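Contents: one structure, followed by commentary.
The values are calculated or read from the model by the stated rules, or taken from the named source; none is laboratory data. Keep in mind the model is a prediction, meaning the values are calculated, not measured. Cβ: placed from backbone, ideal geometry, glycine included. Neighbour counts: every protein chain shown.
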Amino acid sequence: MNIETLDLLREALPYIQRFQGNTFVVKFSGKVTEDKGNLASLAEELALLHEVGIRVCVVHGGGKQLTELAEQLGVVQTVVQGRRVTDDDTLELAKMVFRGKINTEILAQFRRRGIKAVGLSGIDGGVVTAVKRPPKDILDRETGESSIVDFGHVGDVVKVDASLIHTMLDNGYLPIVSSLGADDDGRVFNINADTIAAEIAVDLKAEKLILLSDVNGIYLDAKDESTKLSRLTIQQAHQMINEGKATGGMIPKLENLISLLERGVHTAHVVSGTVRNAVLAEVFTDEGTGTMVVRD
(Lines give C-alpha, C1' and ligand atoms only; values in the text may rest on other atoms or scores of the structure.)
Protein backbone atom coordinates (compact mmCIF):
# COMPACT_ATOMS: atom_id res chain seq x y z
CA MET A 1 0.00 0.00 0.00
CA ASN A 2 1.54 3.32 -1.08
CA ILE A 3 1.62 6.62 0.80
CA GLU A 4 -1.07 8.18 -1.40
CA THR A 5 -3.49 5.38 -0.55
CA LEU A 6 -2.76 5.76 3.16
CA ASP A 7 -3.41 9.50 2.90
CA LEU A 8 -6.77 8.80 1.27
CA LEU A 9 -7.69 6.46 4.12
CA ARG A 10 -6.78 9.17 6.63
CA GLU A 11 -8.96 11.65 4.75
CA ALA A 12 -11.85 9.17 4.73
CA LEU A 13 -11.75 8.42 8.47
CA PRO A 14 -13.65 11.50 9.77
CA TYR A 15 -16.32 10.99 7.11
CA ILE A 16 -16.73 7.34 8.07
CA GLN A 17 -17.09 8.34 11.71
CA ARG A 18 -19.56 11.09 10.84
CA PHE A 19 -21.83 9.01 8.60
CA GLN A 20 -21.73 5.68 10.45
CA GLY A 21 -25.30 4.69 11.32
CA ASN A 22 -26.80 7.26 8.92
CA THR A 23 -28.90 6.38 5.88
CA PHE A 24 -27.91 7.00 2.26
CA VAL A 25 -30.43 6.49 -0.54
CA VAL A 26 -28.63 5.81 -3.82
CA LYS A 27 -30.46 5.99 -7.13
CA PHE A 28 -29.18 4.08 -10.17
CA SER A 29 -30.18 5.21 -13.64
CA GLY A 30 -30.65 2.60 -16.34
CA LYS A 31 -27.60 3.95 -18.15
CA VAL A 32 -25.23 3.06 -15.29
CA THR A 33 -26.52 -0.50 -14.85
CA GLU A 34 -26.41 -1.70 -18.45
CA ASP A 35 -22.67 -2.51 -18.40
CA LYS A 36 -21.98 -5.49 -16.13
CA GLY A 37 -18.44 -4.38 -15.30
CA ASN A 38 -19.65 -0.94 -14.31
CA LEU A 39 -22.47 -2.40 -12.21
CA ALA A 40 -20.00 -4.69 -10.45
CA SER A 41 -17.80 -1.71 -9.61
CA LEU A 42 -20.74 0.27 -8.21
CA ALA A 43 -21.87 -2.67 -6.11
CA GLU A 44 -18.36 -2.92 -4.66
CA GLU A 45 -18.34 0.77 -3.71
CA LEU A 46 -21.75 0.56 -2.04
CA ALA A 47 -20.75 -2.67 -0.33
CA LEU A 48 -17.90 -0.75 1.26
CA LEU A 49 -20.31 1.92 2.51
CA HIS A 50 -22.49 -0.85 3.94
CA GLU A 51 -19.57 -2.58 5.65
CA VAL A 52 -18.40 0.59 7.44
CA GLY A 53 -21.84 1.00 9.00
CA ILE A 54 -23.70 3.27 6.57
CA ARG A 55 -27.29 2.16 5.95
CA VAL A 56 -27.70 1.98 2.16
CA CYS A 57 -30.95 1.76 0.21
CA VAL A 58 -30.75 1.55 -3.59
CA VAL A 59 -33.53 2.75 -5.91
CA HIS A 60 -33.27 2.10 -9.63
CA GLY A 61 -35.01 2.95 -12.83
CA GLY A 62 -34.22 1.46 -16.19
CA GLY A 63 -35.37 3.90 -18.80
CA LYS A 64 -32.57 3.13 -21.23
CA GLN A 65 -33.16 -0.63 -21.11
CA LEU A 66 -36.91 -0.07 -21.41
CA THR A 67 -36.41 2.08 -24.50
CA GLU A 68 -34.10 -0.50 -26.08
CA LEU A 69 -36.52 -3.38 -25.47
CA ALA A 70 -39.41 -1.30 -26.83
CA GLU A 71 -37.42 -0.62 -30.00
CA GLN A 72 -36.64 -4.32 -30.41
CA LEU A 73 -40.33 -5.19 -30.08
CA GLY A 74 -41.60 -2.29 -32.15
CA VAL A 75 -43.38 -0.54 -29.27
CA VAL A 76 -43.34 3.18 -30.09
CA GLN A 77 -42.19 5.45 -27.23
CA THR A 78 -43.22 9.04 -26.59
CA VAL A 79 -41.21 11.31 -24.28
CA VAL A 80 -42.41 14.82 -23.38
CA GLN A 81 -39.90 17.11 -21.61
CA GLY A 82 -38.00 14.17 -20.17
CA ARG A 83 -41.15 12.32 -19.04
CA ARG A 84 -42.17 9.05 -20.70
CA VAL A 85 -45.75 8.43 -21.80
CA THR A 86 -46.55 4.88 -20.59
CA ASP A 87 -49.21 3.10 -22.66
CA ASP A 88 -50.45 -0.45 -21.99
CA ASP A 89 -47.63 -2.19 -23.87
CA THR A 90 -44.95 0.01 -22.33
CA LEU A 91 -46.24 -0.73 -18.82
CA GLU A 92 -45.93 -4.47 -19.44
CA LEU A 93 -42.35 -3.98 -20.60
CA ALA A 94 -41.59 -1.80 -17.57
CA LYS A 95 -42.72 -4.57 -15.21
CA MET A 96 -40.42 -7.05 -16.93
CA VAL A 97 -37.41 -4.75 -17.17
CA PHE A 98 -37.55 -2.95 -13.80
CA ARG A 99 -38.68 -5.61 -11.32
CA GLY A 100 -37.28 -8.52 -13.31
CA LYS A 101 -34.12 -8.08 -15.32
CA ILE A 102 -32.45 -5.03 -13.77
CA ASN A 103 -33.37 -5.72 -10.16
CA THR A 104 -32.08 -9.29 -10.41
CA GLU A 105 -28.81 -8.22 -12.02
CA ILE A 106 -28.17 -5.67 -9.26
CA LEU A 107 -28.91 -8.27 -6.58
CA ALA A 108 -26.48 -10.70 -8.18
CA GLN A 109 -23.63 -8.19 -8.00
CA PHE A 110 -24.21 -7.57 -4.29
CA ARG A 111 -24.36 -11.33 -3.74
CA ARG A 112 -20.82 -11.52 -5.23
CA ARG A 113 -19.66 -9.18 -2.44
CA GLY A 114 -21.37 -11.12 0.33
CA ILE A 115 -23.96 -8.40 0.97
CA LYS A 116 -27.47 -9.42 2.02
CA ALA A 117 -29.43 -7.45 -0.57
CA VAL A 118 -33.19 -7.84 -1.08
CA GLY A 119 -35.11 -6.93 -4.24
CA LEU A 120 -38.36 -4.97 -4.03
CA SER A 121 -40.56 -2.69 -6.04
CA GLY A 122 -42.57 0.20 -4.67
CA ILE A 123 -45.54 -2.18 -4.69
CA ASP A 124 -44.02 -4.57 -2.11
CA GLY A 125 -45.17 -3.91 1.43
CA GLY A 126 -47.13 -0.88 0.28
CA VAL A 127 -43.94 1.15 0.10
CA VAL A 128 -45.26 3.49 -2.61
CA THR A 129 -48.90 4.45 -2.98
CA ALA A 130 -49.59 6.30 -6.20
CA VAL A 131 -52.39 7.66 -8.36
CA LYS A 132 -52.60 8.04 -12.11
CA ARG A 133 -51.06 11.31 -13.23
CA PRO A 134 -53.83 13.50 -14.63
CA PRO A 135 -53.46 14.97 -18.12
CA LYS A 136 -51.27 18.05 -17.95
CA ASP A 137 -50.93 21.24 -19.92
CA ILE A 138 -47.30 21.13 -21.09
CA LEU A 139 -45.52 24.20 -22.38
CA ASP A 140 -43.04 23.74 -25.22
CA ARG A 141 -40.24 26.11 -24.20
CA GLU A 142 -38.92 26.29 -27.75
CA THR A 143 -42.15 27.16 -29.55
CA GLY A 144 -44.03 28.80 -26.67
CA GLU A 145 -47.08 26.63 -27.45
CA SER A 146 -48.82 24.39 -24.93
CA SER A 147 -50.77 21.16 -25.30
CA ILE A 148 -52.59 18.66 -23.08
CA VAL A 149 -50.60 15.44 -22.56
CA ASP A 150 -52.00 12.22 -21.06
CA PHE A 151 -49.05 10.26 -19.66
CA GLY A 152 -50.97 6.97 -19.52
CA HIS A 153 -49.90 4.58 -16.75
CA VAL A 154 -47.57 7.07 -15.12
CA GLY A 155 -48.14 7.54 -11.43
CA ASP A 156 -47.71 10.40 -9.01
CA VAL A 157 -46.66 9.44 -5.50
CA VAL A 158 -49.37 10.00 -2.89
CA LYS A 159 -47.45 8.63 0.07
CA VAL A 160 -44.47 6.48 1.00
CA ASP A 161 -44.50 3.98 3.85
CA ALA A 162 -40.88 2.92 4.30
CA SER A 163 -41.51 0.73 7.37
CA LEU A 164 -40.54 -2.40 5.40
CA ILE A 165 -37.31 -0.70 4.30
CA HIS A 166 -36.65 0.40 7.90
CA THR A 167 -37.03 -3.20 9.05
CA MET A 168 -34.58 -4.43 6.44
CA LEU A 169 -32.00 -1.75 7.25
CA ASP A 170 -32.34 -2.41 10.98
CA ASN A 171 -31.53 -6.08 10.35
CA GLY A 172 -28.50 -5.55 8.14
CA TYR A 173 -30.14 -5.96 4.74
CA LEU A 174 -29.59 -3.70 1.74
CA PRO A 175 -32.90 -3.01 -0.07
CA ILE A 176 -32.96 -2.67 -3.87
CA VAL A 177 -36.19 -0.90 -4.92
CA SER A 178 -37.43 -0.70 -8.52
CA SER A 179 -39.52 2.24 -9.71
CA LEU A 180 -43.03 0.80 -9.80
CA GLY A 181 -45.92 1.73 -7.54
CA ALA A 182 -49.62 0.98 -7.23
CA ASP A 183 -52.86 2.50 -6.02
CA ASP A 184 -55.24 0.99 -3.46
CA ASP A 185 -57.08 -0.85 -6.25
CA GLY A 186 -53.88 -2.60 -7.34
CA ARG A 187 -53.36 -0.65 -10.53
CA VAL A 188 -49.66 -0.56 -11.34
CA PHE A 189 -47.87 2.63 -12.41
CA ASN A 190 -44.53 3.52 -13.89
CA ILE A 191 -43.04 6.19 -11.61
CA ASN A 192 -40.00 8.37 -12.13
CA ALA A 193 -37.17 6.71 -10.19
CA ASP A 194 -35.78 10.06 -9.03
CA THR A 195 -39.18 10.82 -7.48
CA ILE A 196 -39.38 7.49 -5.66
CA ALA A 197 -35.80 7.83 -4.43
CA ALA A 198 -36.51 11.34 -3.14
CA GLU A 199 -39.72 10.32 -1.35
CA ILE A 200 -38.05 7.29 0.25
CA ALA A 201 -35.13 9.47 1.32
CA VAL A 202 -37.52 11.89 3.02
CA ASP A 203 -39.44 9.10 4.79
CA LEU A 204 -36.19 7.45 5.95
CA LYS A 205 -34.87 10.84 7.14
CA ALA A 206 -31.79 10.09 5.05
CA GLU A 207 -28.54 11.97 5.44
CA LYS A 208 -27.91 11.87 1.68
CA LEU A 209 -29.61 11.14 -1.60
CA ILE A 210 -27.02 10.21 -4.23
CA LEU A 211 -28.18 10.22 -7.84
CA LEU A 212 -25.89 8.16 -10.06
CA SER A 213 -26.05 9.28 -13.66
CA ASP A 214 -24.06 9.07 -16.88
CA VAL A 215 -22.82 12.61 -16.19
CA ASN A 216 -20.62 13.67 -13.30
CA GLY A 217 -22.72 16.53 -12.01
CA ILE A 218 -24.92 19.47 -12.92
CA TYR A 219 -23.77 21.93 -15.59
CA LEU A 220 -24.80 25.49 -16.37
CA ASP A 221 -24.14 24.55 -20.00
CA ALA A 222 -24.53 20.84 -20.73
CA LYS A 223 -22.12 21.16 -23.68
CA ASP A 224 -19.35 22.84 -21.68
CA GLU A 225 -17.60 20.68 -19.05
CA SER A 226 -15.98 23.77 -17.51
CA THR A 227 -19.43 24.92 -16.29
CA LYS A 228 -19.92 22.00 -13.90
CA LEU A 229 -21.07 23.11 -10.46
CA SER A 230 -19.44 21.49 -7.44
CA ARG A 231 -22.10 23.03 -5.17
CA LEU A 232 -25.64 24.17 -5.94
CA THR A 233 -28.19 25.86 -3.66
CA ILE A 234 -31.98 25.62 -3.86
CA GLN A 235 -32.14 29.23 -5.04
CA GLN A 236 -29.67 28.55 -7.86
CA ALA A 237 -31.63 25.44 -8.89
CA HIS A 238 -34.82 27.50 -9.17
CA GLN A 239 -32.95 30.00 -11.33
CA MET A 240 -31.70 27.26 -13.65
CA ILE A 241 -35.27 26.08 -14.26
CA ASN A 242 -36.83 29.54 -14.61
CA GLU A 243 -34.11 30.83 -16.94
CA GLY A 244 -34.25 27.76 -19.21
CA LYS A 245 -30.73 26.60 -18.33
CA ALA A 246 -32.16 23.25 -17.21
CA THR A 247 -33.76 21.25 -20.02
CA GLY A 248 -35.29 17.81 -20.66
CA GLY A 249 -34.86 15.28 -17.88
CA MET A 250 -32.84 17.73 -15.76
CA ILE A 251 -36.00 19.74 -14.97
CA PRO A 252 -37.85 17.01 -12.98
CA LYS A 253 -34.52 16.00 -11.41
CA LEU A 254 -33.93 19.52 -10.04
CA GLU A 255 -37.57 19.84 -8.95
CA ASN A 256 -37.26 16.63 -6.95
CA LEU A 257 -33.97 17.72 -5.36
CA ILE A 258 -35.46 21.06 -4.31
CA SER A 259 -38.46 19.34 -2.75
CA LEU A 260 -36.53 16.75 -0.76
CA LEU A 261 -34.07 19.28 0.66
CA GLU A 262 -36.96 21.49 1.75
CA ARG A 263 -38.42 18.46 3.56
CA GLY A 264 -35.39 17.49 5.60
CA VAL A 265 -32.84 15.48 3.63
CA HIS A 266 -29.48 17.04 4.47
CA THR A 267 -27.71 16.95 1.09
CA ALA A 268 -28.22 15.57 -2.40
CA HIS A 269 -25.49 14.60 -4.84
CA VAL A 270 -25.42 14.12 -8.61
CA VAL A 271 -22.46 11.85 -9.34
CA SER A 272 -21.18 9.87 -12.29
CA GLY A 273 -22.17 6.25 -12.07
CA THR A 274 -19.72 5.27 -14.80
CA VAL A 275 -16.47 6.53 -13.26
CA ARG A 276 -14.70 4.10 -10.96
CA ASN A 277 -14.66 5.20 -7.28
CA ALA A 278 -16.73 8.32 -7.97
CA VAL A 279 -19.16 7.49 -5.15
CA LEU A 280 -16.40 6.86 -2.62
CA ALA A 281 -14.60 10.05 -3.63
CA GLU A 282 -17.82 12.07 -3.31
CA VAL A 283 -18.59 10.71 0.16
CA PHE A 284 -15.14 10.30 1.72
CA THR A 285 -13.01 13.16 0.34
CA ASP A 286 -13.03 16.92 0.80
CA GLU A 287 -13.02 17.68 -2.92
CA GLY A 288 -15.69 15.22 -4.07
CA THR A 289 -16.37 14.44 -7.73
CA GLY A 290 -19.91 15.53 -8.60
CA THR A 291 -22.37 18.25 -7.64
CA MET A 292 -23.59 18.59 -4.05
CA VAL A 293 -26.98 20.27 -3.69
CA VAL A 294 -27.66 22.06 -0.41
CA ARG A 295 -30.39 24.25 1.05
CA ASP A 296 -28.38 27.48 1.13
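Evaluating G288 against the criteria (1) under 23 Å from G30 (Cβ atoms); (2) in contact with a strand residue (DSSP E or B) (Cβ under 9 Å, 6 or more places away or on another chain) leaves one unmet condition, (1). I'd like to know if the stretch 180-188 contains one or more residues that are closer than 16 Å to V131 by Cβ and part of a helix (DSSP H, G or I). Among the residues of the stretch 180-188, not one is closer than 16 Å to V131 by Cβ and part of a helix (DSSP H, G or I), which makes the answer no. Looking only at the stretch 44-67, decide whether some residue is in contact (Cβ under 8 Å) with a residue 60 or more places away in the chain, hydroxyl-bearing (S, T, Y) and farther than 16 Å from N277 by Cβ. No, there is no match, as no residue in the stretch 44-67 is in contact (Cβ under 8 Å) with a residue 60 or more places away in the chain, hydroxyl-bearing (S, T, Y) and farther than 16 Å from N277 by Cβ.
Inspect all residues belonging to the stretch 78-90 and state whether any of them is in contact with a Leu (Cβ under 8 Å, 6 or more places away or on another chain), aliphatic (A, V, I, L, M) and surrounded by 15 or more Cβ atoms within 10 Å (Cβ to Cβ). No; the residues of the stretch 78-90 include none that is in contact with a Leu (Cβ under 8 Å, 6 or more places away or on another chain), aliphatic (A, V, I, L, M) and surrounded by 15 or more Cβ atoms within 10 Å (Cβ to Cβ). Scanning the stretch 108-166 for residues that are out of contact with any Ser or Thr (no Cβ under 9 Å at 6 or more places or on another chain) and farther than 23 Å from V59 by Cα returns P134, P135, K136, E142, T143, G144, E145, S146, S147, I148, D150. Mind checking which residues of the stretch 149-164 are surrounded by 15 or more Cβ atoms within 10 Å (Cβ to Cβ), in a strand (DSSP E or B) and of a type outside the set (D, E, K, R)? Correct list: V149, G152, V154, G155, V157, V160. Just one of (1) within 27 Å of G264 (Cα to Cα); (2) at pLDDT below 90 fails for R55. It is (2). Sub-8 Å Cβ pairs linking a first residue in the stretch 164-189 that is at pLDDT 95 or above to a second residue that is of a type in the set (D, E), at least 6 apart or interchain, are L164/D124; F189/D183, ordered by first then second residue.
Residue by residue, here is whether (1) loosely packed, with under 14 Cβ neighbours inside 10 Å; (2) touching a helix residue (DSSP H, G or I) at 6+ places or on another chain (Cβ under 8 Å); (3) in a loop (DSSP other than H, G, I, E, B) holds:
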site	(1), (2), (3)
L211	no, yes, no
D221	yes, yes, yes
Q236	no, no, no
I241	no, yes, no
A246	no, yes, yes
L254	no, yes, no
L257	no, yes, no
G264	yes, yes, yes
V293	no, yes, no
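Taking first residues from the stretch 113-130 that are under 16 Å from A40 (Cα atoms) and partners that are in a strand (DSSP E or B), the Cβ contacts under 6 Å between residues at least 6 apart in sequence or on separate chains come to I115/L174; A117/L174; A117/I176. All of (1) at positive phi; (2) in contact with a strand residue (DSSP E or B) (Cβ under 7 Å, 6 or more places away or on another chain); (3) not hydroxyl-bearing (S, T, Y) hold for G264 with one exception: (2).
Scanning the stretch 67-88 for residues that are under 23 Å from E105 (Cβ atoms) and either within 16 Å of the chain's Cα centre (by Cα) or of a type in the set (D, E, K, R) (or both) returns E68, E71, R84.
The stretch 49-148 holds strands (runs of 3 or more DSSP E) entirely within its bounds, and those carrying 3 or more residues that are out of contact with any Pro (no Cβ under 7 Å at 6 or more places or on another chain) map to 55-60, 78-80, 117-121, 128-132, 136-139. How about the stretch 111-134: which of its residues are surrounded by 19 or more Cβ atoms within 10 Å (Cβ to Cβ) and either under 12 Å from V157 (Cβ atoms) or modelled with pLDDT under 95 (or both)? Within the stretch 111-134, G122, V127, V128, A130, R133 meet the criteria.
From the set of residues in the stretch 165-179 that are in a loop (DSSP other than H, G, I, E, B) and out of contact with any strand residue (DSSP E or B) (no Cβ under 8 Å at 6 or more places or on another chain), which is nearest to A47 (Cα to Cα)? So the residue we want is G172. Inclusion of E145 among residues that are surrounded by fewer than 20 Cβ atoms within 10 Å (Cβ to Cβ) and farther than 23 Å from N242 by Cα is not warranted. Can you find, within the stretch 19-38, the residue that is surrounded by the most Cβ atoms within 10 Å (Cβ to Cβ) among those that are at pLDDT below 95 and out of contact with any Leu (no Cβ under 8 Å at 6 or more places or on another chain)? Here the answer is K31.
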